[in-house]
Each structure stands twice: as C-alpha cells, then as structure tokens.
1. Got at least one residue in segment 47-66 being in contact (Cβ under 8 Å) with a residue 24 or more places away in the chain and in a helix (DSSP H, G or I)?
2. Under 6 Å by Cβ, and 6 or more places apart or on different chains, what pairs join a residue from segment 14-39 that is assigned to a loop (DSSP other than H, G, I, E, B) and of a type in the set (Asp, Glu) with one that is surrounded by fewer than 16 Cβ atoms within 10 Å (Cβ to Cβ) and at pLDDT 95 or above?
Amino acid sequence: MDPMFLAEVEQYDDPGPRGDIIRAMKAVGAPPPQIMHLFAYKYDITRHLEHFTQGVMRAPSPLSPGQRELIAAFTSRRNECPF
C-alpha cells in the first residue's frame, strides 16, 4: 500500500486500543488500512464516524449484518479499496 500523504498521521503512535490494532497488524506483516491511522490520530473526532458506521452495519434492518458486510465488501472491491 502506498504511504499516506500525511506522514504525521501515519506515524502517530497512539497508546490506546487503535494503536494496539495498528501495531498488531504490522507485527504480522499486514498493512493496516489507512483509515485506521486517522482513527488513532484524532479519535475524539473520528469516534462519531465509528459510531455511525456501527449503527449502519449493526442496527435493526431488513438486511442482516452479514448481507450488509457483503454489500460493503463488494463496494470496496469495485472501488479497488482493500476491505
């Protein structure tokens, strides 16, 4: 994956759970999704997006969470975005 344009964001070492996830992924050789860096860098702002996303994916709906995940994965693939 290409580096981000915001080196300060990508290099930020978050001591919290988001940083733990990034470090764990790097430890096994998996590149963390770039949005993970943004969530770790400014969680006080991005937490609203996290809550919104969880609501969309998990709240009561005619579609099961699995169906919604499948739609998200398909859309990501079509956009050439690692999911």
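The values are calculated or read from the model by the stated rules, or taken from the named source; none is laboratory data. None of these values were measured; they are calculated from a predicted model. Neighbour counts run over all protein chains shown; Cβ positions are idealised from the backbone, glycine included.
1. Scanning segment 47-66, I find no residue that is in contact (Cβ under 8 Å) with a residue 24 or more places away in the chain and in a helix (DSSP H, G or I), so the answer is no.
2. none
Each row is one residue, and each column tells you yes or no for (1) modelled with pLDDT of 90 or more; (2) within 16 Å of the chain's Cα centre (by Cα); (3) not aliphatic (A, V, I, L, M).
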residue	(1), (2), (3)
Ala7	no, no, no
His48	yes, yes, yes
Val56	yes, yes, no
Leu63	yes, no, no
Thr75	yes, yes, yes
Pro82	no, yes, yes
